[in-house]
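Below: the structure, in structure tokens.
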Amino acid sequence: MHELGLVNYAVKEVVKFAEEQGIDNIKSVTLEFGEVSGIVPAYLYDYWDWYTKKHHLLEGTKLKCDEIPAVSWCDDCKISYNTVSYGKTCPKCGGGNTWLLRGNEMRIKNIEVEDDDADDSAE
């Protein structure tokens with residue numbers, strides 16, 4: 001249930017950014033998270049919907065989610081490979097001297113804002 005904490009963090013950061021930039025109409029927020037992060041997207045959407053009703057700045061804001069593929073690195077043969085397919089075992093050498101390169105992170109990828117004249121995007 002770490003999704004509640006992640007959404008809480010994202011909401012605080014988005015509100016802080018919007019206030020600093022003088023933004024008062026956010027259309028959407030895109031979160032990017034790793035394939036092996038353990039994040040359940042359905043929970044993110046539920047918590048996001050709840051939070052947007054609590055913050056006037058976020059009312060009607062849509063949440064979008066993008067998944068980052070999990071990739072591991074083998075220190076022995078110096079290759080990267082799909083973590084989900086092979087786990088900690090390198091598909092080339094069969095060794096276990098590997099580590100996760102990406103796929104466990106979560107970040108705010110995009111905040112889409114709507115202004116009076118045209119649609120803009122802040123990254």
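Annotations for the structure displayed:
- FRET efficiency estimate (nearest 0.05) - Cβ-Cβ, residue 13 to residue 86, R0 35 angstrom: 0.55
- nm² value of the averaged projected area, convex hull over the Cα atoms of the chain: 8.9 nm²
- Contact order relative to length of the chain, as percent, for alpha carbon pairs under 8 angstrom and 6 or more apart: 31 percent
- Probing with 1.4 Å while keeping every protein chain in the model, the per residue accessible area of the chain equals 60 Å².
- Listed residues 65, 38, 52: farthest to the positive end of the dipole of segment 36-76 (Cβ charges): 52
- Remark: accessible surface ordering of 46, 24 (largest first) is 24, 46, probe radius 1.4 Å.
- Length released on extending from residue 104 to residue 37, taking residue separation times 0.36 nm less the Cα-Cα span: 23.7 nm
- Rounded accessible area of residue 61 (nearest 10 Å², 1.4 Å probe): 10 Å²
- Pairs of C-alpha atoms in segment 1-67 farther apart than 17 Å represent 36 percent of all such pairs.
- With Cα atoms, 0 to 90° folded angle of helix 3-21 axis to the chain main axis: 50 degrees
- Note on the chain: with neighbouring protein chains present and a 1.4 Å probe, carbon and sulfur make up 47 percent of its accessible heavy-atom surface.
- Degrees separating the helix 41-52 axis from the principal Cα axis of the chain, which is the longest one: 20 degrees
- Calculated P(r) of segment 34-84 - Cα pairs past 17 Å, %: 54 percent
The values are calculated or read from the model by the stated rules, or taken from the named source; none is laboratory data. This structure is a prediction, so every number in the text was calculated from the model and none was measured. So basically every Cβ, Gly included, is an ideal-geometry build from the backbone, and we count neighbours across all protein chains shown. Just the protein is used for accessible areas: all its heavy atoms, side chains included, with ligands, DNA and RNA removed. Shrake-Rupley method; radii C 1.70, N 1.55, O 1.52, S 1.80 Å.
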